[in-house]
Amino acid sequence: MISLLKRQALALALLMVVVFPFFVQANTALTPAERQASIDGVIRILNEQYVFPDTALKVSALLQQQQQSGALADITTHEQFADKVGDLMRQYSGDGHLSLALIAAQGGVSHRLIETEARKINNFAFEQARILPGNIGYLKLYKFWQAEEAHKIGHAALVFLSHSDHIVIDLRDSVGGSPQLVQYLISHFVPEGTLLWDLQDRDGKITEQIRSLAVPDSELLKTKPLYILQSDGLVSAGEFFSYTLQQLGRAVVIGETSVGLAHYTGAAQVNDWLFVRIPMYRPVNPITGTNFEGVGVEPNIKVSAEMALYTALRVANKGS
C-alpha cells in the first residue's frame, strides 16, 4: 500500500500549476489580522462543506492551535499562506484533494486545475488509438477532460477499436479529471442503466446514483476482454475508471496500486484572493460498499508500471 506521505506528495504535485500570469504580483503582503481572518474563513468553509464533518472539526482545531501558538507567524504573504496552510490541511486530514489556491493565479474560483502539459491538452488527452499485433486494441489516455469534445473523441476511439479481439486502456500516465467522462467511457463496456456508484453528502445521504448511459455503436465493446494499465501515480478520475470496471468484473487491472483520491471536489471562496478546493461528496461503490480513498485501486495483476503493457499483451494473447 502506498504510504500517506507519498500519497500527499503525489497529490500536491498534481495540484501544482506552472503558470505565472503577468498580472499576478509575487509575495503579496499579508498582515497578522488578515492571516487570522483567512484562517477563520478556511475553518468556516471546512465546517460547512467538507465531506467528513468529524475530520473538518479536527482540522479546524489543529489550524486554530497553530495560529494561536504563533506557529503561523512566519506567513507574511498570500502565496505562503496558500502553500503552508494548504499543506497543513492535507497533513491533518490525510486528504490529497484538499488544497488552497490563489484566485488571481488560477483565473477565478474553480475546482478544475489549469493544465499546461501538451500531452494532457492535445486532442483532449487521447493520444493513441491503434491496433497492436494479435488484433489487440490499444488506447492511451492522459486525462479525463470535462468537455463535450472529449466525449466525442473517446467514443470515436473506442468504436475504432471495437473490432479488435481484446482492448487495453493505458492510464499509467493519466491524472484526474471529469467523473462525467469516466461515466460515459465506462458506458461503452457495460449494459445501459448499470449502477456505477452512489454519491453521499456530508450527512451520509445518497444524493445521486450514477448509472451507465445509452451509447450507440457500443454493443461489440460490451463483450470484449478489457485490460486497464495503471501506475502508482494514477489519481481520482483514472482511479474511478479502473475501480468501477474492476468491481463490476468487467476489466482486469494490471500494474501498480494507485494513489487513492476518491472524493468529488468543489471550490469555495474564502475572501477576495483565496479559495479552497474541497471534497464535498463521497462516492460509494454498490458492490464493495466503499471506495478507494486512502488505499488506492489494487491491481488484479501486480507488476511494475513498466511491465504492465507487456503483461497485458501476454495475458491477452494466451486468452485468444
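Pulled fully out, how much extra length does the chain show between Arg119 and Leu102, if you take 0.36 nm times their separation in residues and subtract their Cα-Cα distance?
Details: separation 17, 0.36 × 17 = 6.12 nm, distance 2.53 nm.
Extra length from Arg119 to Leu102 when fully extended: 3.6 nm.
Within region 214-255, which residues have the backbone N less than 16 Å from the label spot 7 Å out from Asn135 along Cα→beta-carbon, could you tell me?
220-226, by backbone N distance to the label point.
Add +1 for every Lys or Arg and -1 for every Asp or Glu among the other residues with Cβ under 10 Å from the Cβ of Leu199, and state the total.
Numbers: positive: Lys205, Arg282; negative: Asp198, Asp201, Glu208.
So the surrounding residues net to -1.
Could you work out the longest stretch of the chain that avoids the GluC sites (Glu not before Pro) located in DSSP loops with at most 14 other Cβ atoms within 10 Å? Present the calculation step by step, with values, prior to reporting the outcome.
Details: sites that count: Glu117, Glu192, Glu219.
Within the chain, the longest run free of exposed GluC sites (Glu not before Pro) spans 1-116.
Sorted by packing (mean other beta-carbon atoms within 10 Å per residue), highest first, where do 259-266, 308-315 land?
On the way: 259-266: 23.2, 308-315: 19.1.
Order by mean packing, descending: 259-266, 308-315.
Find how much the distance from Asn27 to Ala156 grows on full extension, using 0.36 nm per residue of separation minus their present alpha carbon separation; answer in nm with one decimal. Present the calculation step by step, with values, prior to reporting the outcome.
Working: separation 129, 0.36 × 129 = 46.44 nm, distance 4.66 nm.
So the extension gain works out to 41.8 nm.
Calculate what fraction, in whole %, of the accessible area of the chain sits on carbon and sulfur atoms when a 1.4 Å probe is rolled over the protein chains.
Numbers: 7620 of 13850 Å².
Result for the chain: 55 percent of the exposed heavy-atom area is carbon or sulfur.
What accessible area, in Å² to the nearest ten, does a 1.4 Å probe give for Met89?
Looks like 0 Å² after rounding.
Would you mind checking the pairs Lys224/Lys302; Lys143/Lys224; Lys120/Lys302; Lys84/Lys152; Lys222/Lys318; Lys143/Lys222 and listing those with alpha carbons more than 29 angstrom apart?
From Lys224/Lys302; Lys143/Lys224; Lys120/Lys302; Lys84/Lys152; Lys222/Lys318; Lys143/Lys222, over 29 Å: Lys84/Lys152.
Which of rounded, prolate, oblate describes region 247-320, given a ≥ b ≥ c as roots of the alpha-carbon gyration tensor eigenvalues and a/c under 1.5 marking rounded, otherwise prolate only if a/b is larger than b/c?
Working: a/c = 3.82, a/b = 2.24, b/c = 1.71.
The shape class here is prolate.
Using only alpha carbon pairs under 8 Å that are at least six residues apart, calculate the relative contact order of the chain and give it in whole percent.
On the way: 640 pairs, mean separation 60.7, N = 320.
RCO, the chain: 19 percent.
Given labels modelled 7 Å from the Cα in the Cβ direction, how far is it in nm from Gln68 to Asn47?
1.2
Give the separation of the Cα centroids, region 79-137 to region 253-320, in Å.
14
Does the chain come out rounded, prolate or oblate by the C-alpha gyration tensor, with a ≥ b ≥ c the root eigenvalues, rounded set by a/c under 1.5 and, if not, prolate when a/b is larger than b/c and oblate if not? Walk me through the numbers before you get to the answer.
On the way: a/c = 2.20, a/b = 1.94, b/c = 1.13.
Prolate, because a/c is 1.5 or more and a/b exceeds b/c.
Please give the contour-minus-distance gain from Gln128 to His163: 0.36 nm per residue of separation, less the Cα-Cα distance, rounded to one decimal in nm. Intermediate results must be reported in sequence, preceding the final value.
Working: separation 35, 0.36 × 35 = 12.60 nm, distance 1.63 nm.
Length gained, Gln128 through His163: 11.0 nm.
How much accessible area per residue does the chain have, counting only protein heavy atoms and a probe of 1.4 Å, in square angstrom? Each step should come with its number before you reach the end.
On the way: 13850 Å² over 320 residues.
Solvent-accessible surface per residue comes out at 43 Å².
The values are calculated or read from the model by the stated rules, or taken from the named source; none is laboratory data. These numbers were taken from a predicted model, which means no experiment stands behind them. Positions of Cβ are generated from backbone atoms using ideal geometry, with glycine treated the same way; all protein chains shown enter the neighbour counts. Accessible surface areas use protein heavy atoms only, side chains included; no ligands, DNA or RNA. Shrake-Rupley method; radii C 1.70, N 1.55, O 1.52, S 1.80 Å.
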